[in-house]
1. Could you check segment 60-75 and list, in sequence order, the residues that are closer than 17 Å to residue 97 by Cβ and either of a type in the set (S, T, N, Q) or in contact with an Asp or Glu (Cβ under 8 Å, 6 or more places away or on another chain) (or both)?
2. Taking only segment 1-23 into account, find how many residues are loosely packed, with under 12 Cβ neighbours inside 10 Å and farther than 17 Å from residue 67 by Cβ.
3. Determine whether residue 68 is of a type in the set (Phe, Trp, Tyr), surrounded by 10 or more Cβ atoms within 10 Å (Cβ to Cβ) and either touching a strand residue (DSSP E or B) at 6+ places or on another chain (Cβ under 6 Å) or on the phi > 0 side of the Ramachandran plot (or both).
4. Can you pull out every residue in segment 32-57 that is closer than 18 Å to residue 79 by Cα and in contact with a Gly (Cβ under 6 Å, 6 or more places away or on another chain)?
Amino acid sequence: MNKFENANAVVLGISPDSVEKQKKFAVKHKLKIPLLADEDKAVCTAYGCYGEKLMYGRKVTGIIRSTYLIDPKGNIARIFAKVKVDGHAEKVLEALAELAG
C-alpha cells in the first residue's frame, strides 16, 4: 500500500455485498483498504463492472473485476477491465507514474 500512497493514490474496493459481508471479508483477508457496499448495484452498473460474464463456460451475472484510475478532477483517466490479480498492482502503479508525467 505504501507504493500507492507514495503515488498519491487512494485505493477503494466496491461490490454489491452488504456492509457486514464487506467487514468479514476485510478481516478474513487482512485488508487495509476501505471497502464500499453498493447493495443496489447502482455504482457498479454505472461504471460497467456489473453484468453478464462467463464463469467456467457459463453465462452469469455478477461483478466484472475492474480498476478505474480517477484523476484529481474526477475524470476517469484509465480503465483496467477483466482484471487478473497477478501483476495487476504493478500495472496500476506504472499507469499512475505515466499519468503523473
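1. 67, the sole residue that qualifies.
2. If we filter segment 1-23 for residues that are loosely packed, with under 12 Cβ neighbours inside 10 Å, which is where we start, we get 1-2, 5-6, 8, 10, 12, 18-20.
The next check asks that each one be farther than 17 Å from residue 67 by Cβ; those that pass are 2, 6, 18-20.
The qualifying residues number 5.
3. Numbers: of a type in the set (Phe, Trp, Tyr): yes; surrounded by 10 or more Cβ atoms within 10 Å (Cβ to Cβ): yes; either touching a strand residue (DSSP E or B) at 6+ places or on another chain (Cβ under 6 Å) or on the phi > 0 side of the Ramachandran plot (or both): yes.
Judged against the criteria, residue 68 is a match.
4. None; the set is empty.
Here's the yes/no breakdown for (1) of a type in the set (Gly, Ala, Ser); (2) free of Cβ contacts under 8 Å to residues at least 60 places away in the same chain; (3) out of contact with any helix residue (DSSP H, G or I) (no Cβ under 9 Å at 6 or more places or on another chain):
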site: 13; (1), (2), (3): yes, yes, no
site: 17; (1), (2), (3): no, yes, no
site: 30; (1), (2), (3): no, yes, yes
site: 46; (1), (2), (3): yes, yes, yes
site: 52; (1), (2), (3): no, yes, yes
site: 59; (1), (2), (3): no, yes, yes
site: 67; (1), (2), (3): no, yes, no
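Values in this text are rule-based calculations from the coordinates and carry no lab data. Note that the structure is predicted; figures quoted are calculated from it, not measured. Using ideal geometry, Cβ is built from the backbone for each residue, glycine included, and neighbour counts are taken over all protein chains shown.
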